[in-house]
Amino acid sequence: MSLSLAARLSLPCPSLVRSLVNRAAQRPVPPPRGNIKTPEDFLKAIGRSAETKLTPESWEQLFHTDGQQLKKAGLSVKDRRYILWSVEKFRQGLDPSEFAHPPKPAKKIRGRGPAVQNGKRLRSRRHR
């Protein structure tokens, strides 16, 4: 098999190995806009007290942060996912007031889905 043929055959085949490259570092860093000038302003704007959990030193450091760095910083999975999601939304051009939202409230009723509603256990109504 010639070298050019092997090169052409290998292009459409995706690599099945997970890349260990920080993809966030490869994406462009958006300029500060609106009333968000510093990383602290951004973290305050997205809410959920993110400014107390993460302290990036520069704008570039915030946008080059990946999940592994957030994990080493001691953030929970929900916080990591929310911060990375918010960073990506800001990178796409959205304002934090458009996409920031409070966390889901805790469940009030424990049970197995529809078998328990309003704190009462439901019984089958079929004829036996």
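The values are calculated or read from the model by the stated rules, or taken from the named source; none is laboratory data. Computed from a predicted model, the values in this text were never measured in an experiment. Ideal geometry is used to build each Cβ from the backbone, glycine not excepted, and the neighbour counts take in all protein chains shown. The accessibility values were calculated without ligands, DNA or RNA, using every heavy atom of the protein model including side chains. Shrake-Rupley method; radii C 1.70, N 1.55, O 1.52, S 1.80 Å.
Output the number of residues of the stretch 43-61 satisfying the condition of being part of a loop (DSSP other than H, G, I, E, B) and either under 17 Å from Val29 (Cβ atoms) or touching a residue at least 40 places away in the same chain (Cβ under 8 Å) (or both).
Going residue by residue through the stretch 43-61, those that are part of a loop (DSSP other than H, G, I, E, B) are 47-49, 54-58.
Still in the list and also either under 17 Å from Val29 (Cβ atoms) or touching a residue at least 40 places away in the same chain (Cβ under 8 Å) (or both): 47-48, 54, 56-58.
Total meeting the criteria: 6.
When the residues of the stretch 30-42 are filtered to those that are surrounded by 15 or more Cβ atoms within 10 Å (Cβ to Cβ) and in contact (Cβ under 8 Å) with a residue 40 or more places away in the chain, the one that is farthest from Tyr82 (Cα to Cα) is Ile36. The number of residues in the stretch 92-111 that are under 13 Å from the mean Cα position of the chain (by Cα) and either aromatic (Phe, Trp, Tyr) or in a helix (DSSP H, G or I) (or both) comes to 1. Remark: pairs (first residue in the stretch 67-85, crowded, with 18+ Cβ neighbours inside 10 Å; second residue of a type in the set (Asp, Glu); Cβ separation under 8 Å; 6+ apart in sequence or on different chains) = Leu70/Asp79. Restricting attention to the stretch 18-34, the residues that are modelled with pLDDT under 75 and either acidic (Asp, Glu) or under 17 Å from the mean Cα position of the chain (by Cα) (or both) add up to 0. The set of residues in the stretch 86-113 being open to solvent by less than 100 Å² (accessible area, probe 1.4 Å) and modelled with pLDDT under 70 consists of Ile109, Gly111, Gly113.
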